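Asker: Okay, here's the structure, questions in a sec.
The values are calculated or read from the model by the stated rules, or taken from the named source; none is laboratory data. Small disclaimer: the values here were computed from a predicted structure and weren't measured. FYI the Cβ positions are ideal-geometry reconstructions off the backbone, even for glycines, and counts take in every protein chain you see. The area values use the complete protein model at the heavy-atom level, side chains included, leaving out ligands, DNA and RNA. Shrake-Rupley method; radii C 1.70, N 1.55, O 1.52, S 1.80 Å.
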Amino acid sequence: MQQQYPDEPTVAIIGSGFGGLGMAYYLKKAGIRSFTIYEKAASLGGTWRENTYPGAGCDVPSHMYSFSFEPHYPWSRRYAPQAEILQYMQHTALKHELLPHIRFGCEVTDAEFDESRGLWVIRFADGQVQEAQFLVSAVGQLHQPAVPEIPGADTFQGVTWHSSRWNHDFQLYGRKIAVIGTGASAVQFVPEIARQVKQLDVYQRSPGWTLKKIERTFSVFERKLLDAVPPLHDLDRLRIFGILELLALALDGVKWLEKIVTWVSTWHLASQVEDPQLRARLTPDYPVGCKRILLSNDWLPALARQNVEVVTDRITGITPTGVETADGRVRDVDAIIYSTGFRTTEFLTPMEVLGRNGKSLRETWKNGASAFMGMSVAGFPNFFVLYGPNTNVGSGSIIFMLERQQRYIRQVIEAQRRDGWRYADLRPEVAAEYDLEMRERSALTTFSGDCQSWYKTADGVNTNNWVGSMIEFARRTRVADLSRYELVRVP
């Protein structure tokens, strides 16, 4: 039986995706039971609950895209589809008895630190107010849709939606559809809907580097073998980890590896698109990895279909009947689907977080978000961000990164329970040194290439991607060094 403490620190966790569930698991494992997950929706799942578009799935192999404490799940495929990932999260929450700690329908609007008491005061959309000693944001980066402001968009007489808010009631068969954007979501749903629609216009601002996806369903024999011999799961996880780390080196400045990945992607394009003119339009003019690498076997063939047109002319407006481009042409459509990503550089949107002396996190991050190891921000005591600035991985598993953060945060909370200080505030000099490191190292990676991506702010600052290996991140977060923090006792 786990040891119980009479004065456990209270912890508020915002969000019930992989970040929130993993944080809850590690707190519970440490014997801390006084935590609550606040979820704005009626069910758990985060981005895997929200994104239900056709073909939605993960581009990290299932055996790596899973918790280390719940690795042996009977995945049906090498790359799990959205519904199966959501089932895995529900399974994890049920097995580890996390559901009683989740309060659904609780949307946080703002949180303010009360320095005199060392507590976070958390306010909700329905007017409720809660207090907690520690506040952990697990809202992620991929939850606030980004919809571009296009002149005339409000005059369109057809149907519009963002890919993350898929309109399942709209009948696609025999319709003319416009898809604006060619990112990771479009790569998955365009091949699915191209087979159904009469005409599909795909508006591309810039092409992406595409690699072959080694995808297939596990055979009955393989499934039985994996279930009977769990270490095979672990070996495959280790194999995938090694491949992802090798690819990360290509993005982090190892030029010879970058050239190999570029050649492989170029060959993949040539083997799937015969038309030289179309192939030229689908060839990027920026370094591989500057934008998210696309894994797909169906994306390029879908763009080469007779009923699909890749439009590279700049969109100048939307008319009541369709989309107008710079050449003056209007392509009439029945529906417009925005596959324009998320507001990834606006971390915590739309929440307002106020730290010591009323310091606004939104104002602090107005020129680019930064947090020590993606977690701690100076002036915001006992506040931690999961999947925060510079923790996304160009090659790797975000769940691996999340678990390292969750273990780090658990150590800080355990230290408070043990030593009795009231709150820990990251030292400003530590924050400044880390921010400088991220900017200098980013300049050496392909993320700093001449492209527009969700990794960077409008000013070209990489606020999203980690600039090293997953192994380095694990090493640097293995022990929570409290000398980096100001530890304050409140009478």
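Asker: Give me the tail of P(r) for the stretch 1-118 as a percent: Cα-Cα pairs with distance above 17 Å.
Answerer: 60 percent
Asker: So how much accessible area does Val333 have, in Å² to the nearest 10, using a 1.4 Å probe?
Answerer: Taking all protein chains as shown, Val333 has close to 20 Å².
Asker: Send over the per residue convex hull volume for the stretch 295-420, Cα only, as a whole number of Å³.
Answerer: 179 Å³
Asker: At 1.4 Å probe size, with no ligands or nucleic acids counted, give the accessible surface of Lys456 in Å², nearest ten.
Answerer: Using a 1.4 Å probe on the heavy atoms, I get roughly 20 Å².
Asker: Now, a different point. As an exercise, identify the GluC sites (Glu not before Pro) in the stretch 380-457 lying in DSSP coil whose Cβ has no more than 11 other Cβ atoms within 10 Å.
Answerer: When the GluC sites (Glu not before Pro) of the stretch 380-457 are filtered for loop state and at most 11 Cβ neighbours within 10 Å, nothing remains.
Asker: Can you work out the accessible area per residue across the chain, with the rest of the protein chains kept in place, probe 1.4 Å, in square angstrom?
Answerer: Heavy-atom SASA per residue in the chain reads 43 Å².
Asker: Can you tell me which of 260-271, 365-376 comes out highest on packing, and rank the rest after it, using the mean Cβ neighbours within 10 Å?
Answerer: In decreasing order of mean packing, 260-271, 365-376 become 365-376, 260-271.
Asker: Looking only at the stretch 1-120, where both bridge partners belong to it, what percent of the DSSP beta bridges are antiparallel (to the nearest 5)? Don't jump to the answer; show the numbers that get you there.
Answerer: Values: 3 of 10 bridges.
Antiparallel: roughly 30 percent of the beta bridges in the stretch 1-120.
Asker: Please figure out what share of the DSSP beta bridges in the chain is antiparallel and state it in percent, rounded to the nearest 5.
Answerer: In the chain, DSSP labels about 40 percent of beta bridges as antiparallel.
Asker: Output wanted: per-residue J couplings in Hz (rounded whole) for the stretch 72-83, from phi through Karplus 6.51 cos²θ - 1.76 cosθ + 1.60, θ = phi - 60°, x for Gly and Pro.
Answerer: For the stretch 72-83, the Karplus curve yields 9, 9, x, 4, 8, 9, 5, 10, 6, x, 3, 4 Hz.
Asker: For the stretch 47-169, which whole-number percentage of the solvent-accessible area (1.4 Å probe, protein heavy atoms only) is attributable to carbon and sulfur atoms? Intermediate results must be reported in sequence, preceding the final value.
Answerer: Numbers: 2520 of 5160 Å².
For the stretch 47-169, the apolar C and S fraction of the accessible surface comes to 49 percent.
Asker: Moving to a separate point now. Per DSSP H run of n ≥ 4, the term is -39500 (n - 2.57); total these for the chain, divide by its residue number, and report the mean residue ellipticity at 222 nm rounded to 500 deg cm²/dmol.
Answerer: -9000 deg cm²/dmol
Asker: Let me ask something else. Would you kindly give the portion of the calculated P(r) for the stretch 108-210 that falls above 22 Å, as a percent of all Cα pairs?
Answerer: Result for the distance tail: 53 percent.
Asker: For the stretch 410-449 and the stretch 204-234, write down the distance between their C-alpha centroids in whole Å.
Answerer: Spelled out, the Cα-based centre of one part sits 35 Å from the other.
Asker: Only Cα pairs under 8 Å and at least 6 apart count here; give the relative contact order of the chain as a rounded whole percent.
Answerer: 20 percent
Asker: Still on this structure, please answer the following. Could you look at the stretch 411-467 and say what percent of its accessible area is carbon and sulfur, using a 1.4 Å probe and all protein chains? Before the final figure, lay out each step's value.
Answerer: Details: 1230 of 2610 Å².
About 47 percent, which is the carbon plus sulfur part of the accessible surface.
Asker: Could you sort Ser360, Ser116 by accessible area so the largest value comes first, with the probe set to 1.4 Å?
Answerer: Ranked from most to least accessible, the order is Ser116, Ser360.
Asker: Let me ask something additional. Which aspartates and glutamates have a Cα less than 17 Å from the Cα of Lys224, not counting those fewer than 8 places away in the same chain?
Answerer: Asp234, Asp236
Asker: Which order do you get for Leu246, Leu27 if you rank them by accessible area with a 1.4 Å probe, largest at the top?
Answerer: Leu246, Leu27
Asker: Normalised by the number of residues in the stretch 162-215, what is the relative contact order in percent for Cα pairs under 8 Å and 6+ residues apart?
Answerer: Rounded, it is 41 percent for the stretch 162-215.
Asker: When 1/r is averaged over all different Cα pairs and the result inverted, which Kirkwood radius in Å belongs to the stretch 387-459?
Answerer: On the way: mean 1/r = 0.0667 Å⁻¹.
Computed over Cα pairs of the stretch 387-459, the Kirkwood hydrodynamic radius comes out at 15.0 Å.
Asker: Still on this structure, please answer the following. Calculate log10 I(q)/I(0) of the chain for q = 0.07, 0.08, 0.12, 0.14 Å⁻¹, where I(q) comes from the Debye formula with a single equal point scatterer on each Cα and nothing for solvent.
Answerer: Evaluating at q = 0.07, 0.08, 0.12, 0.14 Å⁻¹ gives log10 I(q)/I(0) of -0.39, -0.51, -1.15, -1.49.
Asker: Which cysteines in the chain lack any other cysteine whose Cβ sits under 4.7 Å from their own Cβ?
Answerer: If one checks each Cβ against the other cysteines of the chain, Cys58, Cys106 turn up with nothing under 4.7 Å.
Asker: While we're on this one: List the lysines whose Cα lies under 27 Å from the Cα of Lys40, skipping any in the same chain that are fewer than 8 positions away.
Answerer: Output for Lys40: Lys28, Lys29, Lys95, Lys359, Lys366.
Asker: Turning to a different aspect of this structure: Can you find, among Tyr173, Met401, Gly420, the residue farthest towards the positive end of the dipole of the chain? Put +1 on the C-beta of Lys and Arg, -1 on that of Asp and Glu.
Answerer: Met401
Asker: Now a separate question. For the stretch 169-221, state which chymotrypsin sites (Phe, Trp or Tyr not before Pro) are in a DSSP loop and have at most 13 other beta carbons lying within 10 Å of their beta carbon.
Answerer: Taking the stretch 169-221 and a limit of 13 other Cβ atoms within 10 Å, the loop chymotrypsin sites (Phe, Trp or Tyr not before Pro) found are Tyr173.
Asker: Another question, if that's okay. What per residue convex hull volume, in Å³, comes out for the stretch 209-295 when only alpha-carbon positions are used?
Answerer: 109 Å³
Asker: May I ask you to rank Asp481, Asp236 by accessible area, largest first, using a 1.4 Å probe over the protein chains only?
Answerer: The residues order as Asp481, Asp236, largest area first.
Asker: If contacts are Cα pairs under 8 angstrom and at least 6 residues apart, what is the relative contact order of the stretch 179-327 in percent? The partial results should precede the final answer.
Answerer: Values: 159 pairs, mean separation 57.5, N = 149.
Computed over the stretch 179-327, the figure is 39 percent.
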